[in-house]
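Heads up, the thing below is written out as structure tokens.
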Amino acid sequence: MGLLLVALAVTAGIWWLSAGRSDKEERGLRPVRVEEVREIVRLSTLEIDEEIAVKGHVGPRHLVARQRLTGSVDFDLQQLRMREVGDTLYVSLPPARITLRESTEPGSYTVIDEWNDKLFGSNKMTAREENEIKRKTLEYARRDLKRKGYAERARRDAAANLVRLLGTTTGRTVIIEN
């Protein structure tokens, strides 16, 4: 469903960028187009909705839970750079960044089991201990998503959209630089 929304947004972006252009605008890349390019890249973000297992311990206390994460893979648009050389437009796409956070939906975090290695120790974790385990789990999930290729996929999609849309709207050759 998220990819369908991205496809619809890109289609709307193509229409918006191509509607009402004059011949004078087609000859060059106006400064306003940099903002339009940023909108195209913004449309290329990849939404994340994952359910993960939370496993960890603090001292002798252990926790197993289920947690839903939401987030996105996007780009720092302040670092987006463009330059023209002849009839070629070079676009420097910044590195993708993965943003993850706990879902705020009801039931998105469920403790499955808690235990203590000490015979008469308390099973209950403090909020601080539980948050420490959640923080470590988020870091692991971020690395795992990167390993699975989410960032590379978002970059490929953004680069393909930029080449197609900018090539169509400017009539120029578009090259995405690393």
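Okay, here's what the table says:
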| item | result |
| --- | --- |
| Sequence-distant lysines (8 or more away, or on other chains) whose Cα lies within less than 23 Å of Lys124 | Lys55, Lys134, Lys136 |
| Within-14-Å neighbourhood charge of Arg142 [Cβ basis; K, R +1; D, E -1] | +4 |
| Fewest-first sequence of Asp157, Asp87 by Cβ atoms within 10 Å of each Cβ | Asp87, Asp157 |
| Cβ-based exposure ranking for Lys55, Lys148, in which fewest neighbours within 10 Å come first | Lys148, Lys55 |
| Reduced Cα scattering model of the range 58-102, Debye log10 I(q)/I(0), q = 0.17, 0.19, 0.21, 0.28 Å⁻¹ | -0.69, -0.76, -0.82, -0.99 |
| Extension reserve of the Trp115-Ser92 stretch, reckoned as 0.36 nm per residue once the Cα distance is removed | 3.2 nm |
| Net length gained if the chain between Tyr140 and Glu47 were fully extended (0.36 nm per residue, minus Cα distance) | 31.7 nm |
| Inter-site label distance for Arg81 and Thr104 at 7 Å from Cα along Cβ, in nm | 3.7 |
| Additional length obtainable on full extension of the chain from Ile175 to Thr70, 0.36 nm per residue less Cα span | 34.6 nm |
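None of the figures in this text is laboratory data; all of them are computed from the coordinates on show. Owing to the predicted nature of the structure, the values given are computational and were not obtained by experimental measurement. As a convention, Cβ positions derive from the backbone with ideal geometry for all residues, glycine included, and neighbour counts pool all protein chains shown.
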